[in-house]
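Just so you know, all these numbers are worked out from the coordinates, no wet-lab data involved. Bear in mind the structure is a predicted one, so any value in this text is a computation, not a measurement. Quick reminder, even Gly has a Cβ in these numbers, built from the backbone with ideal geometry, and neighbours come from all protein chains shown.
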Amino acid sequence: TVGIHVQYRDRAALRLLLPEKLDSKTREMLEDLRGRDIDDVSDLLRRIQGLERQGRSVNIYPDAEELIHRRLLLERIARRVAEIRIEPESHRLRRGLLKAELLPYQLDGIAFAAGAGRAVLADEMGLGKTIQAIGVAELLAREAGISKVLVVCPASVKSQWRSEIRRFCDRDCQLISGSIASRGAQYANDCFFTVCNYEQVLRDILSIECVKWDLIILDEGQRIKNWEAKTSRVIKGLRSTFALVLSGTPLENRLDELYSVVQFIDDRRLGPAFRFYNRHRIVDEKGKVLGYKNLGDLRENLRPVLLRRTRESVRQQLPPRTNEIVRITPTQEQLGIHDSHMWIVNRITRKKFLTEMDLLRLQKHLLMCRMSANSTFLVDKQAPGYSSKLEELDNLFDRLFSEENRKVLLFSEWTTMLDLIEPLLEKRHLRFVRLDGSVPQKLRQGLVHEFKNNPECRLFLTTNAGSTGLNLQAANTVINVDLPWNPAVLEQRIARAYRMGQEQPVQVFVLVTEETIEEKLLSTLSAKHDLALAALDAESDVDQVDLAGGIEELRRRLEVLLGARPVAPSDESLHRESELEVRVAAEHRARREKLALSGGHLLSAAFQFLGELLPAPSNSSGSKSAANSLAATLKQSFSDLVEHDEHGRPRLSFVLPDATALDGLTNVLARLIARTESA
């Protein structure tokens, strides 16, 4: 019997199992394949069909059958992608594959990864690896009928993946979240994309293995560089027909990361670890790594499965400026502080009238909301503070500064935030300069000169003090750590690098903390002139708001900022009715205020009267101490319940238990007044 099996060596290969003696026709058809790998699967199938027509049985082992099916699928896809890669710049899929137009190199990268089946896309940062990964999934859905894609990424970019999927295609997406008990069922969904983070894979592996994944995408794949770690071993065990690893680091200079990444997509291509490192590492007599060798052979071996383009290599295709919004999940501590201040903002905005004092309070609490989106330390000064934004910056610096030609301009509204960022640079021994309001004007040009002319100076840290009047075309990257109130300020920041004389494409990052005021600011910033909103900025140049109309405009914009939908304008008659209601409400409010003030005087006098009736406290020190202690406790309890009005007066409200209590109160007052008059 003729058999077909898989021989596992450096790579899986199809082989024939032939008996020693063959009849003449069988020998004529198969003898040339004896003892060698079979690469042409279509030719093999034609020969098998010929044998079966002659009545000869052929035994195909299960793993060989699976490999044959996979090779046939890849051959069909390869023919399709070969046509795309001939002229990607003019191919119809540039506009027809996703909802956004692809750049030629991006379509080429999609075709490469789909054709390879299991591949590494290692483009430099900013070249659009995420859109290419989504494009690979879409192309394979059309050409290979895939329907289940698992995306494994760092926790900080899970929401970013969902946003990009919605932006670029019409496929549905499940974001894995919640407790371990609730996550299991989430993987068995009907969505095309399922997005989870690396830590969840380790805990949810049994649920993940129950699903037949067609394509697995690892984002920031270099994170699994420690192949002996448990998480890495679990991820290596994930099974899928297609696989794609995204990595922005130059893997050729980090062979440990390279080996780990390639192991995931093809565990036989680089051979055993000891042989790989022996072939490519240069070590001293103590085993210390001094360098790498035979990199030409390594590149040739990886050419079919690894593609890396640099910004320089595709410079002619890049737009002059690209913007990327990086969405970041806040910590619970950040959300707690943010929501407590936003609760106060909501209370103020629900008031019928906003005074100048209300505006000052709004400024303060909105400022706290914005600062908490950066770090809790900016608000409470409790070190070390909680900040998912600093964690994301740490990862962003890793990716950016692995590229030699990166020069970064970084803006933050607050010098304290720059203080928190500096240690991230110092631990990398990165040379940088810093310009904020404390730097004298005469020293500023020297800092600019250092950044422009010193190749070792990689980063320019600045507040809004650096957003005007400086030319920093040496920078090719702008990071906005936070959002200003005024959209003009954001453009001023970017214009420091993206201006006349800039010869490089400029990449702009805007960091936005989700579930905070920053998300609302993102949409508000689309307006060109926002003077009323800028009045909320404690550092704004706006020093006057017309209380007749400006406050109402401010209220309307605040409602949008807080999530309410703007309502349609009312007609004139309704407006007049509204004005009447406002006047009546104002009169009632004034009367209530007067009554409340008089009631406060009355209550104070009543307690003073009771104090006179009570016996004097004992002269003993123990009794005085107990009385003072009790008084202090009561005062603290009342202070926690007291609010202050716009004039700074303490206000303490009492709620009557029911309507009968009001009847009782009025009856007692009536009797007191009657007795007073009769007397």
Modelled FRET efficiency - R0 35 Å, ASP40 with ARG171, Cβ distances, 0.05 increments
0.50
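Could you size up the charge dipole of the range 92-317 around its Cα centre, putting +1 on the beta carbon of Lys and Arg and -1 on that of Asp and Glu, and report it in debye to the nearest 20?
On the way: 37 positive and 27 negative charges, 30 e Å.
In total the dipole reaches around 140 debye.
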Scalar couplings 3J(HN,Hα) for the range 293-300 by Karplus 6.51 cos²θ - 1.76 cosθ + 1.60 (θ = phi - 60°), nearest whole Hz, x for Gly and Pro, are 9, 6, 6, x, 5, 5, 4, 5
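At R0 = 56 Å, how high is the FRET efficiency between THR1 and ALA82 if r is their beta carbon distance? Nearest 0.05 is fine. Please report the intermediate quantities before stating the final value.
Numbers: r = 37 Å, r/R0 = 0.66.
Rounded to the nearest 0.05, the efficiency is 0.90.
How high is the FRET efficiency from ASP339 to GLN54, r the C-beta distance, R0 60 Å, rounded to 0.05?
Numbers: r = 78 Å, r/R0 = 1.30.
That pair, ASP339 with GLN54, gives E of 0.15.
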So between GLU456 and ASP63, what do we pick up on full extension, going 0.36 nm a residue minus the alpha carbon distance?
136.1 nm
Starting at the first residue of the range 311-318, write each ³J(HN,Hα) from the Karplus equation 6.51 cos²θ - 1.76 cosθ + 1.60 with θ = phi - 60°, in whole Hz, x for Gly and Pro.
4, 5, 6, 10, 4, 5, 8, 6
The range 2-71: relative contact order as a whole-number percent, Cα under 8 Å and 6+ apart:
39 percent
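Within the range 345-422, list the GluC sites (Glu not before Pro) lying in a DSSP loop whose Cβ has at most 15 other Cβ atoms in a 10 Å radius.
For GluC sites (Glu not before Pro) across the range 345-422 that sit outside H, G, I, E and B with at most 15 neighbouring Cβ atoms in 10 Å, the list reads GLU404.
If Rh is defined by the Kirkwood formula over all Cα pairs and Rg also comes from Cα, what ratio Rg/Rh do you get for the range 352-464?
Working: Rg = 17.1 Å, Rh = 16.0 Å.
Reported Rg/Rh (Cα atoms, Kirkwood Rh): 1.07.
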Determine the alpha carbon to alpha carbon distance for each of LYS129/LYS236; LYS99/LYS148; LYS212/LYS389; LYS158/LYS520 and list only those over 29 Å.
LYS212/LYS389
Hey, if you put +1 on the Cβ of every Lys and Arg and -1 on every Asp and Glu Cβ in the range 2-71, which of ALA13, THR26, LEU44 ends up farthest toward the positive end of that dipole?
THR26
Under a plain spin-label model, where a point goes 7 Å from the Cα along Cα-to-Cβ, how far apart in nm are GLU75 and GLU199?
4.7 nm
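Which of rounded, prolate, oblate describes the range 92-317, given a ≥ b ≥ c as roots of the alpha-carbon gyration tensor eigenvalues and a/c under 1.5 marking rounded, otherwise prolate only if a/b is larger than b/c? Before the final figure, lay out the partial values.
On the way: a/c = 2.04, a/b = 1.26, b/c = 1.61.
Oblate, since a/c reaches 1.5 and b/c is not below a/b.
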